[in-house]
Each structure stands twice: as C-alpha cells, then as structure tokens.
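Each remark here refers to the structure printed beneath this line.
The values are calculated or read from the model by the stated rules, or taken from the named source; none is laboratory data. Since the model is a prediction, treat every value here as computed from it, not as a measurement. Note that each Cβ is placed from the backbone with ideal geometry, even for glycine, and that neighbours are counted across all protein chains shown.
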Amino acid sequence: MIEEINSSKVEPPNYFNREDKLKWLMRTYGNDVIRVAYTYLKQRQLAEDVAQDVFIKCFEKMDDFRNESSYKTWILKITVNKCKDVLKSWAFKNLLFTDYFGNNQEDRTIESKLLKKEESQLISQQVMELPLKLREVIILFYYQEFSIEEISVLLKVNSNTIKTRLHRGRLKLKQSFEGE
Amino acid sequence: MENKLINLKDKMNETLLRDIYFNDKLEQSVLSSIKNKKSRVFPFRNKFNSLLSLAVTTVFFLGIAYFVATQLNLFKDSQGNNASVPKEKIIETTNNETANTSFEEPNAINKDDISKETVFSELKKYLPQNVLDNMPNFRQEDLNESTLYLWSKKEPNSDNFIHKIEVIFNENGFKQYHYKNYSFDLKENKISKDVANKMVENFAKSFISDGDQLSFVNKPAWDSLYEKDVVESWVSEKDNKEYIVMVNLSYGYVEFFTIQDKSN
C-alpha cells in the first residue's frame with residue numbers, strides 16, 4: 001500500500017515535472033479517489049478502473065489546471081463525473097449489476113454476522129445503503145470533509161440543495177440506525 | 001446522529017474500505033499508460049510556451065528593427081517589392097487549419113445481422129485508419145442477453161491496452177460504443193463542428209435503427225468525456241430515449257455513443 005501523504009500539503013513543489021506531479025497526485029489523493037469511486041460504484045474492480053482513468057485524465061489536463069480550486073477538489077470532481085457516467089452507462093446497469101448483487105449479498109451476510117455489533121461497521125454500511133444523491137453529500141461532507149460551498153461547486157448543485165440532502169441523509173441514517 | 005458521523009473517514013477506512021486503496025500496481029499501470037503519450041505529444045506541448053515567447057520576442061525585435069530601418073530610409077530601394085508575399089498565401093494558410101473531410105456513405109447495419117465483420121467495416125468510416133490497422137485482438141463476450149465485441153491492442157508483454165474499441169448490443173440493436181485510446185498515437189485531423197455534425201448523422205444512420213429520423217443537437221453531455229471544442233457531444237431525443245454521440249474534433253473521429261432512458 002502506498003503511504004498516504006498529509007492532504008494539508010496541497011501543492012506539489014514547483015520544480016516537479018509533469019510525471020513527478022502525477023506521482024505526487026497519485027500518492028496524495030490515490031486513496032481518496034479510489035475510495036470515493038468505491039462509495040459510488042460499490043465494486044472494487046470498477047473503482048480501480050475509474051481511479052486509473054482519473055489519473056490519466058489528470059495527466060492530460062495538468063497544464064490546464066489553473067489553481068482556481070484545490071488539487072483535491074479538481075481531482076475529486078473528475079472522479080465524481082467519471083463515476084456518474086459509469087453509473088449511467090447501459091453496460092453498468094445491464095451487465096454488471098448481477099455481479100455486484102451477488103458479491104454484495106455475500107459480503108453483507110458475512111460481515112453482518114461477524115461485525116453486526118460494531119458501530120463503525122454498521123454506520124459505514126448504512127451510509128453505503130443510502131440513495132446515491134444522499135450518499136454522495138454525506139461522503140463528501142463527513143468523509144472528505146469538504147465544506148457545503150465546495151460540495152456545491154464540485155457537484156454543480158445549489159448549496160441549499162446540498163444542505164437539504166445532508167439533512168435528509170442524516171435523518172435516513174438515524175431512522176435506519178434506530179431500526180437496527 | 002451527527003455524533004455517529006464524526007470521524008466517518010476513520011470508521012469507513014477501518015471497516016468497509018480497509019481493503020480499498022490505490023496500490024503500486026495501479027500506479028504503475030497509470031504510468032505505463034501515459035508512457036507513449038509522453039514520448040510523442042507532450043514534449044512539443046512542454047516546449048510550446050517557450051517557443052511562443054521566443055516567437056513573440058523575435059517579432060517584437062524585428063518590428064523595431066523594421067521601424068528604425070524605415071525611418072533611416074534603408075528600404076527605399078526595395079519598396080517596389082512590397083507585394084512579394086501575396087495576401088492569398090496568408091489566407092490559404094489560415095483556411096488549411098480545418099482539414100476537408102469527405103465521407104463514405106453510411107450502410108445501416110441490420111439489428112438481426114450484427115457480425116464483427118460488418119461492425120468493423122462500418123466503423124472504418126468513423127475512426128482513423130491507423131487505429132483500425134492495429135487491432136490484432138478480438139474478443140466476444142455473451143452476457144445477460146447482450147453481446148460485447150472488443151477489439152484491442154496491448155503493449156508488448158503487458159496487460160495494458162494501447163487502444164480498444166468496445167461495442168455492446170442486444171436483440172434491439174446497438175446500445176453502446178466506445179473507442180478508448182491510451183497511447184495517443186494518432187494523427188491530428190482537426191474537423192469543424194459542421195463536419196462533425198455530418199459525421200454524427202452518418203454514424204446514426206449506420207448504427208441506430210431509424211437513425212436517419214433522429215435530429216441531433218450539439219450540446220454538452222456525458223461529463224467524463226465532454227471537453228468544449230475538443231470532444232463535443234450531439235444529443236437527440238426520441239420515444240423517451242436519449243441518444244448521445246461524441247466526436248473528437250482534434251483527431252476527427254467518433255469516440256463514444258450510447259442510448260439511455262430519458263429519465264436519467
């Protein structure tokens with residue numbers, strides 16, 4: 001596993017060439033990218049494919065990055081767009097759903113048997129079972145610790161809508177937590 | 001509930017996401033994919049800014065030199081030769097920026113007779129020839145009442161793709177097409193939006209049932225591929241379906257096509 005570099009160090013050194021910058025991005029944000037992708041797609045293989053595509057795109061677009069946002073926002077915006085396109089794709093819905101359903105059922109059974117009482121496991125699973133629109137804001141706000149404004153820019157959605165979705169997400173989580 | 005969500009990152013990383021991380025293999029795979037690109041396209045791009053600065057500086061100094069020379073009447077004898085560089089030449093150069101593209105007539109592929117030969121032959125009208133000359137591998141996968149045709153080329157002794165064409169269809173016809181280039185070893189063939197629009201119409205006639213009845217509008221779609229003035233998308237809606245065709249304007253080919261329910 002590649003060691004995660006502290007995300008507060010937001011800029012690669014100026015003397016880095018393009019390839020060094022790419023390596024820096026992969027080491028700094030690689031885990032964020034693949035894990036956010038996984039929270040959208042719920043499949044490891046697809047999340048890995050998306051992560052690779054994201055960094056290839058970053059390399060292509062590196063010269064166009066103008067520091068209007070942080071590297072983290074830029075890279076996760078690419079990730080979110082890529083994941084949404086995969087989710088929309090006919091292939092995902094029709095060819096891959098069966099795979100996911102099978103694996104997920106198995107994972108859920110094993111995990112729920114072994115770790116049902118563990119709060120962290122439970123809350124993680126409940127977040128993953130939220131509808132996509134609520135799940136993404138919960139992940140970006142609580143997991144990635146973005147502000148409402150940053151999420152608004154990243155998802156191209158009004159900040160009041162983000163607040164509403166966060167509220168609905170928390171409410172839904174509370175209901176499912178109480179139901180356990 | 002708010003308390004339970006505090007430290008969500010740690011909670012998820014310790015449980016559900018504990019085995020999900022960006023490992024060395026993925027990093028190497030990305031670096032390998034960009035290797036070819038680096039050797040061909042970007043050396044020029046890296047030098048472009050310096051070349052531009054040099055050109056601007058040179059023009060600036062030549063301008064000053066010309067002005068000074070004019071003031072000193074040094075060009076007096078050569079004034080009669082002012083037309084030595086014809087205007088037409090300059091205009092011609094500008095007009096050449098967009099290559100002329102002529103199209104072969106599309107042949108509609110019957111949905112009951114989608115063979116790899118007919119698909120490949122039809123794709124030739126929408127992809128660069130050097131791509132189609134280099135697709136040594138073909139694979140067919142039958143999955144869940146659908147079929148995937150995959151043409152590809154990989155790096156020597158590696159699982160990394162250089163490029164691939166994916167075509168998915170079922171008994172109702174084509175559902176999705178995607179040409180992915182990981183090597184970027186393409187000949188630039190800039191086309192205008194008008195030419196691309198014609199390409200989209202022809203592509204629809206080839207691959208979509210009643211494609212000749214679709215009316216396409218050029219507007220942004222499919223965020224992960226769309227790039228203004230580089231990869232443009234054309235969208236058409238009919239019978240609660242949305243048809244998206246994307247064209248790479250820099251290299252002049254159809255990159256992506258999908259049909260999706262309009263509710264999406």
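List of remarks:
- Test: residue in the range B:119-128 that is surrounded by fewer than 17 Cβ atoms within 10 Å (Cβ to Cβ), at pLDDT 80 or above and either part of a loop (DSSP other than H, G, I, E, B) or outside the structural domain of B:Asp210 (by TED's automatic domain parsing) (or both): yes
- Of B:Thr98, B:Thr70, all but one fail to be among the β-branched types (Val, Ile, Thr), modelled with pLDDT under 80, surrounded by 10 or more Cβ atoms within 10 Å (Cβ to Cβ) and over 34 Å from the mean Cα position of the chain (by Cα); the exception is B:Thr70.
- In the range B:158-165, the count of residues that are within 14 Å of chain A (Cβ to nearest Cβ), crowded, with 17+ Cβ neighbours inside 10 Å and either in contact with a His (Cβ under 7 Å, 6 or more places away or on another chain) or closer than 14 Å to B:Ile244 by Cβ (or both) is zero.
- Residues of the range A:57-76 that are within 9 Å of chain B (Cβ to nearest Cβ) and surrounded by fewer than 20 Cβ atoms within 10 Å (Cβ to Cβ): A:Lys57, A:Glu60, A:Lys61, A:Asp63.
- Among residues of the range B:2-21, those that are on the phi > 0 side of the Ramachandran plot and at the interface with chain A (Cβ under 7 Å from one of its Cβ atoms), counted: 0
- Sole residue being modelled with pLDDT under 85 and in contact with a helix residue (DSSP H, G or I) (Cβ under 9 Å, 6 or more places away or on another chain), chosen from B:Ile109, B:Ile34: B:Ile34
- Test: A:Val54 is under 20 Å from B:Arg18 (Cβ atoms), modelled with pLDDT of 90 or more and surrounded by 15 or more Cβ atoms within 10 Å (Cβ to Cβ): no
- Matching entry among B:Asp212, B:Asp194 (being more than 27 Å from B:Val30 (Cβ to Cβ), out of contact with any His (no Cβ under 9 Å at 6 or more places or on another chain), modelled with pLDDT under 90 and not β-branched (Val, Ile, Thr)): B:Asp212
- Contacts under 7 angstrom Cβ, first residue in the range A:120-132 being facing chain B (nearest Cβ under 7 Å), partner in a helix (DSSP H, G or I) and of a type in the set (Ser, Thr, Tyr), 6 or more apart: A:Met128/A:Thr39
- Any chance A:Lys93 is at pLDDT 90 or above and surrounded by fewer than 20 Cβ atoms within 10 Å (Cβ to Cβ): no
- Some residue of the range B:245-264 being part of a strand (DSSP E or B), surrounded by fewer than 21 Cβ atoms within 10 Å (Cβ to Cβ) and more than 10 Å from chain A (Cβ to nearest Cβ): no
- Condition check for B:Tyr149: touching a residue at least 40 places away in the same chain (Cβ under 8 Å) and surrounded by 15 or more Cβ atoms within 10 Å (Cβ to Cβ): no
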